[in-house]
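The structure under discussion appears below in the form of structure tokens.
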Amino acid sequence: MTSSLPSAAAALPGAPRRASVDFDIVVFGATGLTGRLVVEQLLRVDALLRSPAGLRRWAVAGRDPKALRDVLKELQAEDVEILTADFTDQPSLEKMAARTVVVLSLAGPYTKGAEQVIAACVGAGASYVDLSGELPLLRRVIDRFDEPARQAGVQVVQMAGWEAMPADLTTLLASERAMAQATTAAVTADGPGAADPVVHVSVMVRFLRTPAGGVPLKQSVSGGTLASIVAMLDDPAASIIGRTGGLLPAQTKGSKKPASLRLRPSTVTGRVLGPVVPVAFLNPPIINRTAALLAAERGVPYHPATYIEGVDLGAAGGLGGRWRQVKAVFKGGFQRAMVLVTRLPLAVRRRLAAGLRKVLPKAGSGPTDHYLRDWDWTVRARATTQAGLVGEATLTGSGHPGYTATAAIIVEVGLSIVQANTTRAGCLTPALAIGVAAAQQLRMPSLSMQ
């Protein structure tokens with residue numbers, strides 16, 4: 001199948017790869033729960049990151065070398081090099097960035113220090129990837145760093161984990177497959193809604209296997225994730241949460257705006273869809289940004305497709321289907337309340353955040369043992385064009401979506417940058433960093449695309 005994506009030569013220009021770097025990847029913040037899992041994932045693909053002399057082309061970094069040594073010893077990877085870097089020491093961040101092609105940042109909450117790390121990376125000519133779902137921060141990063149990153153020829157990719165890579169990448173690939181069926185030369189754009197070819201997208205998340213006996217709260221989410229959510233309450237720009245167009249390029253061409261966030265139940269192909277977990281307001285802004293960036297590349301107006309996503313709760317028919325609809329309504333109501341909290345006055349939100357910090361688990365806590373492993377899941381996107389052509393793509397994965405699978409996902413994005421899947425530069429989305437061609441040949445053993 002011939003991809004309808006523009007060739008590398010037609011994409012945004014990138015700077016030449018630096019010849020003097022010591023590493024392809026540096027993991028910044030490797031002592032936290034997800035950071036440790038990222039190191040485990042890198043060990044699984046170690047052969048992809050070896051120099052001709054057999055030396056490892058990746059390293060770990062953080063503020064506490066002893067803690068890093070302890071993690072590496074436990075994982076039997078004591079020969080991995082350790083770099084010292086700290087949010088509060090900008091020269092240390094600059095030295096770290098100068099030695100690598102890409103920094104994978106697992107040091108959250110990101111609102112606290114991501115901009116310092118990104119500044120160091122862009123200044124040194126290194127790319128940057130993180131897992132931040134802190135939408136006010138993402139908006140600031142786009143406004144501050146998109147143009148400098150373009151000029152430096154580097155990629156800044158945020159929300160590169162369970163939020164929002166699976167939905168973003170499957171949507172892009174399904175859209176490409178739908179448009180590839182067209183026999184007319186009139187199809188000239190890529191992605192959902194770019195100049196109209198794709199007018200509707202649905203994304204269905206299905207959990208095929210979950211830990212036996214259910215998942216208690218303390219085994220479902222880490223202290224670090226909760227800290228990131230609370231950090232958004234403190235942010236003066238928290239009102240961006242719930243806005244599906246909140247991450248669009250500043251100069252988006254086109255008169256239409258993305259549809260509002262959908263938090264009510266949907267029925268797709270006879271299945272009841274409930275709100276995406278843990279929150280439904282993260283994927284849509286990224287997917288809309290992907291489409292808008294593609295439209296800008298082509299110089300065509302951006303017309304957003306209608307977009308529906310959700311977790312498959314089961315068949316829609318009968319009494320069981322009605323009960324699933326009721327459950328979806330309650331889940332949507334809870335998430336709607338979360339969005340409404342961000343509309344409270346800043347002083348109120350800050351008092352609420354301070355109270356939550358006293359009772360929530362501390363950073364470093366989170367799922368353990370089989371709760372990290374015993375998951376199988378799929379994310380399937382279905383894209384429909386104006387002419388009724390349909391394309392589908394399904395990402396299959398294993399491991400806890402927010403942690404084990406997320407660790408594999410961020411490494412996949414990092415490998416895409418290392419292997420120069422695209423010469424696009426700037427503040428990109430996970431789908432654009434990976435690209436359509438590589439999406440069909442993912443390198444991480446726990447991920448596969450159909």
Out of LEU415, LEU389, sole residue that is more than 12 Å from the chain's Cα centre (by Cα), of a type outside the set (Gly, Ala, Ser) and under 20 Å from VAL38 (Cβ atoms) = LEU415
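Give the residue, chosen from THR368, THR378, THR394, THR385, that is farther than 19 Å from VAL103 by Cα and touching a Pro at 6+ places or on another chain (Cβ under 6 Å).
None of the other options fit; the residue is THR385.
I'm checking my understanding of the structure. Among residues of region 143-169 that are in a helix (DSSP H, G or I) and out of contact with any helix residue (DSSP H, G or I) (no Cβ under 8 Å at 6 or more places or on another chain), which one is farthest from VAL101 (Cα to Cα)?
By that ranking, first place goes to ASP143.
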note = Taking first residues from region 232-250 that are closer than 14 Å to TYR307 by Cβ and outside the structural domain of LEU352 (by TED's automatic domain parsing) and second residues anywhere that are at pLDDT 90 or above and surrounded by 21 or more Cβ atoms within 10 Å (Cβ to Cβ), the pairs with Cβ under 8 Å that are 6 or more apart or on different chains are none
message = Any residue at all in region 55-77 that's part of a loop (DSSP other than H, G, I, E, B), surrounded by 13 or more Cβ atoms within 10 Å (Cβ to Cβ) and among the small types (Gly, Ala, Ser)?
response = yes
query = Of the residues VAL230, VAL201, which is closer than 27 Å to ARG380 by Cβ and either in contact with a helix residue (DSSP H, G or I) (Cβ under 9 Å, 6 or more places away or on another chain) or of a type in the set (A, V, I, L, M, F, W, C) (or both)?
reply = VAL201
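Is it true that ILE25 is in a strand (DSSP E or B), at pLDDT 95 or above, touching a strand residue (DSSP E or B) at 6+ places or on another chain (Cβ under 8 Å) and surrounded by fewer than 20 Cβ atoms within 10 Å (Cβ to Cβ)?
No; evaluated as a whole, the condition is false for this residue.
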request  = Determine if region 85-100 includes at least one residue that is modelled with pLDDT under 95 and either of a type in the set (Ser, Thr, Tyr) or not in a strand (DSSP E or B) (or both).
outcome  = yes
query = In region 413-450, which residues are without any contact (Cβ under 8 Å) to a residue 60 or more places away in the chain, part of a helix (DSSP H, G or I) and under 16 Å from SER127 (Cα atoms)?
reply = SER416
request  = Hey, could you check region 217-236 for residues that are in a loop (DSSP other than H, G, I, E, B) and modelled with pLDDT under 80 and say which is surrounded by the fewest Cβ atoms within 10 Å (Cβ to Cβ)?
outcome  = SER220
ask   = If you take the residues of region 180-194 that are surrounded by 22 or more Cβ atoms within 10 Å (Cβ to Cβ) and either over 30 Å from THR34 (Cβ atoms) or touching a Gly at 6+ places or on another chain (Cβ under 9 Å) (or both), which of them is modelled with the highest pLDDT?
value = GLY193
query = Of the residues in region 356-373, how many are modelled with pLDDT of 90 or more and under 15 Å from ILE229 (Cβ atoms)?
reply = 0
Boolean, VAL276 is assigned to a strand (DSSP E or B), within 29 Å of TYR371 (Cβ to Cβ) and modelled with pLDDT of 80 or more = no
message = Of the conditions (1) closer than 30 Å to THR396 by Cα; (2) at pLDDT below 90; (3) loosely packed, with under 15 Cβ neighbours inside 10 Å; (4) among the hydrophobic types (A, V, I, L, M, F, W, C), VAL326 satisfies every one except a single condition; which number is it?
response = (2)
key: Considering residues of region 262-280 that are buried (at least 23 other Cβ atoms within 10 Å of the Cβ) and in contact with a Ser or Thr (Cβ under 8 Å, 6 or more places away or on another chain) only, the residue nearest to LEU137 (Cα to Cα)   = LEU273
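The values are calculated or read from the model by the stated rules, or taken from the named source; none is laboratory data. Computed from a prediction, not measured in an experiment: that's the story for all the values here. Note that each Cβ is placed from the backbone with ideal geometry, even for glycine, and that neighbours are counted across all protein chains shown.
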